[in-house]
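First comes the structure, then the notes that go with it.
The values are calculated or read from the model by the stated rules, or taken from the named source; none is laboratory data. Worth saying up front: this structure is predicted, and the values here are computed from it rather than measured. Cβ atoms come from the backbone with ideal geometry, glycine included; neighbour counts cover every protein chain shown.
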Amino acid sequence: MNQILGEQSIQFENPPYLIGDAAIVGEKEGQGPYKHYFDKVEKDPYFGTDSWEEAESQLQLQTAALALQKTGLTYGDIRYIFAGDLLGQNIATSFGLMDLNRSLFGLYGACSTLGESLTLGAMTISGGFADKVMCLTSSHFGSAEKQFRFPLEYGNQRPLSATWTVTGSGAFILSNEEHAGAITSHIRITGATPGAITDFGVQDSMNMGAAMAPAACDTIFKNLQDFSRMPEDYDKIITGDLGTIGQEILLKLLRDKGYDISRQHMDCGIEIYDPKTQDTHAGGSGCGCSASMLSAYILKQLRSGTWKRILMVPTGALLSTVSFNEGQTVPGIAHGVVLEYQ
């Protein structure tokens, strides 16, 4: 079977099973609509450390350990880890996981890193290069604000187009077998549509939804074209963190291409906070946004059989403090992953 599909998609000959996962979030996320779905809500934003960056490393490490604990596996059972975060040089990942003594692929796709890690992990399993891998991402409000915006002590005013970086992490274990101890998984990654960088010339670093929406549109369009599917072939088409502004742009761009996904679309950044009680402006963002929502809520809908097939499209804005301060645009990227209950 040829696993290359269409212009840029993959249809896995040996679809890997998603056998385990975990999600840990911060206190603000634990006050939102999905507070009862997360595995753990940590009220200490420092996670017992002395800095935001160390806190994110600890957040990622704890989430990885919890995913293993839930499946009865150990780090020795994991051949490769595909992980990333938002910080320069992926320091939350490297410092958080360096003592595990496992082969690590450090990834950066901004907030789309979950899609990148799941795609590469699935390719590795399906290709026979590993029997079990872990895919892991995280973000932290304090560390992200410190790097990309202003120190929290500055108390700067946020525009209405801004999103709130989620303090959260999601860990996922992929396997070539459906069993992990007493757990039997029926969720498989059957396909993927790796995204291409898309730049519509947006220069406002506080409006990442507008920067990422064209990339999400391109990936979803290519997925539907490559797999010869219509939006209704998916129970849900889920983006990572476009927020309210990005969602509106995405729906219009896809309508212009002949596809209406308004009935299927869900955005993790819109869902994770309650706009009536939590002042986050356009919604949530960050690597931990789609990762924590996938583990806490989305996979539960698949496991229960409520949803049979979804297209998960984490979205990322490829910017740095250097790039936008020098007047560069904010390109976007989005990676699509097809998950099915089988």
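Taking the criterion of being assigned to a loop (DSSP other than H, G, I, E, B) and either more than 20 Å from Ile270 (Cβ to Cβ) or not β-branched (Val, Ile, Thr) (or both), the residues of the stretch 288-329 that qualify are Ser304, Gly305, Trp307, Lys308, Pro314, Leu318, Leu319, Ser320, Glu326, Gly327, Gln328, Thr329.
Leu294 meets the conditions (1) within 12 Å of the chain's Cα centre (by Cα); (2) among the hydrophobic types (A, V, I, L, M, F, W, C); (3) surrounded by fewer than 22 Cβ atoms within 10 Å (Cβ to Cβ) in every case but one. The failed one is (3). The set of residues in the stretch 92-103 being more than 18 Å from the chain's Cα centre (by Cα) and of a type in the set (A, V, I, L, M) consists of Leu97, Met98, Leu100.
Across the stretch 226-247, the qualifying residues are those that are in contact (Cβ under 8 Å) with a residue 24 or more places away in the chain and surrounded by fewer than 17 Cβ atoms within 10 Å (Cβ to Cβ), and the one among them that is farthest from Glu7 (Cα to Cα) is Glu232.
May I ask you to list the residues in the stretch 240-271 that are modelled with pLDDT of 95 or more and either among the hydroxyl-bearing types (Ser, Thr, Tyr) or not in a helix (DSSP H, G or I) (or both)? Across the stretch 240-271, the qualifying residues are Lys257, Gly258, Tyr259, Asp260, Ile261, Ser262, Arg263, Gln264, His265, Met266, Asp267.
For first residues located in the stretch 262-289 and without any contact (Cβ under 8 Å) to a residue 24 or more places away in the chain, partners that are assigned to a helix (DSSP H, G or I) and charged (D, E, K, R) and lie 6+ apart or on another chain with Cβ distances below 9 Å form the pairs Ser262/Arg255. Restricted to the stretch 248-260, and to residues there that are among the basic types (Lys, Arg) and under 27 Å from Tyr273 (Cβ atoms), the residue that is surrounded by the most Cβ atoms within 10 Å (Cβ to Cβ) is Arg255. Summed over the stretch 1-26, residues that are in a loop (DSSP other than H, G, I, E, B) and touching a residue at least 40 places away in the same chain (Cβ under 8 Å) total 9.
Per the listing Pro33, Pro15, Pro45, the residue uniquely buried (at least 20 other Cβ atoms within 10 Å of the Cβ), assigned by TED's automatic domain parsing to the domain that holds Ala171 and not basic (Lys, Arg) is Pro15.
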